[in-house]
Number of protein chains: 2
Amino acid sequence: MEQLIGACLVGQSGGPTSVINASAYGVIRTALDNPNITRVLGAAHGVKGILEDKLYDMDLEDEKELSYLLNTPSSALGSCRYKLKDSAVDDTDYRRLLEVFKKHNIRYFFYIGGNDSMDTCNKISKFMQAANYPCRVMGVPKTIDNDLFGTDHCPGFASAAKYVITSCMELRQDSTVYDYPTVCIVEIMGRHAGWLAASSAVATAMGSGPDLVYLPERDFDMDSFLSDVKRVMDEKNGECMIAVSEGIHDKDGVFIAEYGAAEAALDSFGHKQLGGVASTLVSFIKEKLGVSKIRGIELSLLQRCAAHCASATDINESFAAGRAAVNAAVAGETDKMMTFRRTTDENGNYRCDVVPENLSLAANTEKKVPQEWINAEGNGVTQQFVDYILPLIQGTPEIPMENGLPRYARLKKVLAD
Amino acid sequence: MEQLIGACLVGQSGGPTSVINASAYGVIRTALDNPNITRVLGAAHGVKGILEDKLYDMDLEDEKELSYLLNTPSSALGSCRYKLKDSAVDDTDYRRLLEVFKKHNIRYFFYIGGNDSMDTCNKISKFMQAANYPCRVMGVPKTIDNDLFGTDHCPGFASAAKYVITSCMELRQDSTVYDYPTVCIVEIMGRHAGWLAASSAVATAMGSGPDLVYLPERDFDMDSFLSDVKRVMDEKNGECMIAVSEGIHDKDGVFIAEYGAAEAALDSFGHKQLGGVASTLVSFIKEKLGVSKIRGIELSLLQRCAAHCASATDINESFAAGRAAVNAAVAGETDKMMTFRRTTDENGNYRCDVVPENLSLAANTEKKVPQEWINAEGNGVTQQFVDYILPLIQGTPEIPMENGLPRYARLKKVLAD
């Protein structure tokens, strides 16, 4: 394979995770150490920063500070949700990208993100090929939603799952201390795929988690739900803990969060306020089951940035995905996304191989929780799901501390001239 | 002091914390090892369990399992919010308590809780004295609110604070990744005292925290607030992060959470839904400042049960408070609450002494954040506050793990006959 010498550009895109910086560090550290790569640049706010020629010079960052990226949550370079048009319809953005690539002699491009970002990366890759501009383009996946096609699991999912599981274990302990009926509903991210909400069932498998778990992979029926809750409360001395994906919907596709929004919930200015699904379910349980002590808890952004509760396995794999992307690109690969393949080592233990696959594979497709991993009643998961997830959440990372608190990276972010 | 031989009873009361079990373990372990204590009992759901004679036999628990209490959140024995009447008005409960104490020959009573629980403990202590029933009664404080009078700080506060600080650091990272105006509001527990919300400012001191912090110790003015937010957004490229105590109120004492509740927020059943203060502020910022990307996050129960993020200092001190209570009681003390006195060791480092004080001292009084630790604008804290809290959150506990998750105690809870 022909040697390609030039600058490397890395960007982050889409919703942040606890470990998207670990992947960025995998790219940056490996690129800085590679003799074929003359310069390492970071795009400010993903593709938006490239269009604006706002690129940070990673060579100017302090080595130690860069290493803190391994444990720093969120997207240190900034992120965006910018959708490129089809280049056949309008290639303005693409021509601008090419201009910036040429200006900085960018020959290696790494884009870290989820479904939409892999689509962006794929489009850029195809355009550069069509333009005959030699540039190796690699996608590095991330998403707490775990919904990327073509990979056993996604960087970022396991750390979010570990936080969800740990928090559910703790909430179960907390919400059952009184001797009267108490219901606790935890709302977990996942609009279309229920991987993260499903992970809460691991807390149950460990003896302290939700009694009922509902995912968008099954149609939600309010009557069945209320009878599930009533049954659990009858069986468990009035206790019931519930985990739900934010995206649960009924058989007509109506989101449960929208139930009753018609009459309801105007804010102080008369605007309709769409509460989350947890607050909707709280209303129904209060009204239909007459339970007064009931709490809805939204894990909100906390679940995607809780780096203090990350999985060491996830961090290591995320770093490895970034590193492997650079090594593969330097070796000649392009137009690929790094995927994880689950295998076992000689002792039968979990092992994860990083394998490049076609970039177009994952773009804009969604992987859902398999129906056979959801129980017949649609209110929990099977042991297969627990077995799938357990190896991914292993290991406690060594987080650098300062003043008793995590020491997160503070980059200088000097713009490249 | 006369030797007193007999059984020991420990109870937990009020809202749980991450370390109230560490105090319980301090009591139980020390009592089990003391030759003057013939038996160790745990009250199911605090004073309610005593009234119902539902006491668990701690001697039957596995030693290893008991030791897990050190890192297990929430009240393992169960809790209650039961208020004893004034015994001069109605002594029915007190006579029943005495009956149960006599039945089990309880000569040592330890009650772990906050303001109300110290009041309960105080009343029981005084009644036993008046009834000439020899029993040594000790209160062991706990509260994430840190509002107990007579102690430098309260067991449970530092761990909740550490979680609040860490989460705010992470939320700051997460909520500032895009290049358009973004506001993030974090709602933190504290109805009357703002200690916990104030702790979020430590995240800011570490370089990644809220720009504005509002406490119930100062009257909240909506116009000043909106102009604070606007100023920060102007200065910081559209970014603004805010932390508020749930109990902030205006100069007339009206809770901000109630603003606009008149017209607003009916649930699907036509009931008024009082959103939290964060959601109220979200509405005002949307309407008055026209910001569209804005998120309110309620830390809810998560902040009081996040044992995975506890302060090792807090755990050690909470255990020490329980242990010291037993040792003091066996040595002859009674009618006392264990308090913390801050001092320094020979090297000038933080040290905390456990000191028994009169039980009536803390009952039903509230300690607020000193006015001089709040800045002039009432939207942040001073360095004094940061200096106060930093020593309390030091140290990462060694949490026993199983399957990559915290291993929390699973007690047998066998009822004593």
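Please treat every number below as a calculation from the coordinates, not as lab data. This is a predicted model, so every value here is computed, not measured. In this analysis, Cβ positions are derived from the backbone assuming ideal geometry, glycine residues included, and neighbour counts consider all displayed protein chains.
Legend: mean number of C-beta atoms from other chains within 10 angstrom of residue C-beta atoms, peptide A:397-404, equals 4. A Förster radius of 25 Å, combined with the Cβ-Cβ distance separating B:Val89 from B:Glu357, puts the computed FRET efficiency at roughly 0.40. Position B:Ser67: other-copy label points at 3.4 nm, ordered by increasing distance, label point 7 Å along Cα→C-beta. Applying a length cut-off of 15 Å (Cα extent along the axis) and a mean Kyte-Doolittle floor of 0.5 to the DSSP H helices of chain A leaves A:20-32, A:195-205. For A:Glu398 and A:Lys64, a Förster radius of 22 Å and the Cβ-Cβ distance give a FRET efficiency of 0.90, rounded to the nearest 0.05. Computed across the protein assembly as shown, the Kirkwood hydrodynamic radius from all distinct Cα-Cα pairs reaches 28.2 Å.
Normalising the average separation of contacting C-alpha pairs (under 8 angstrom, six or more residues apart) by the number of residues puts the relative contact order of chain A at 23 percent.
Here the Kirkwood formula puts the hydrodynamic radius of region A:106-236 at 17.5 Å, using every distinct Cα pair.
Sorting the segments B:177-186, B:373-382, B:311-320 by their residues' average number of neighbouring beta-carbon atoms within 10 angstrom, most packed first, yields B:311-320, B:177-186, B:373-382. Provide the percentage of antiparallel DSSP beta bridges, counting only those with both residues in the protein assembly as shown; round to the nearest 5. Restricted to the protein assembly as shown, the bridges split so that about 35 percent are antiparallel.
When you work out D = kT/(6 pi eta Rh) for region B:157-305 at 37 °C and 0.692 mPa s, using the Kirkwood radius from C-alpha pairs as Rh and the Stokes-Einstein form, the result is 212 µm²/s. Rounded to the nearest 20 debye, the dipole magnitude of region A:157-305 is 300 debye, with +1 charges on Lys and Arg beta carbons, -1 on Asp and Glu beta carbons, and the Cα centre as origin.
In region B:157-305, what % of DSSP beta bridges are antiparallel (nearest 5)? Rounded to the nearest five, the antiparallel share is 10 percent. Placing a label point 7 Å from the Cα of B:Lys83 along the Cα-to-Cβ direction, the distances to the matching points in the other copies come to 5.6 nm, shortest first. Taking every residue in A:68-76 and counting other chain Cβ atoms within 10 Å of its Cβ, the average works out to 3. Take each residue in A:163-170, count the other chain C-beta atoms within 10 Å of its C-beta, and the mean is 5. Expressed in units of 2.2 N^0.38 Å, where N is the residue count, the Cα radius of gyration of chain A is 1.05.
Here is how far apart the B:Asp252 label points are across copies: 4.3 nm, shortest first, using a point 7 Å from Cα toward Cβ. Packing here is the average count of other Cβ atoms within 10 Å per residue, and on that basis the peptides B:226-234, A:34-42, B:44-52, highest first, run B:44-52, A:34-42, B:226-234.
Evaluated with a Cβ-only charge set (Lys, Arg +1; Asp, Glu -1), chain A carries a dipole of roughly 1000 debye about its Cα centre, given to the nearest 20.
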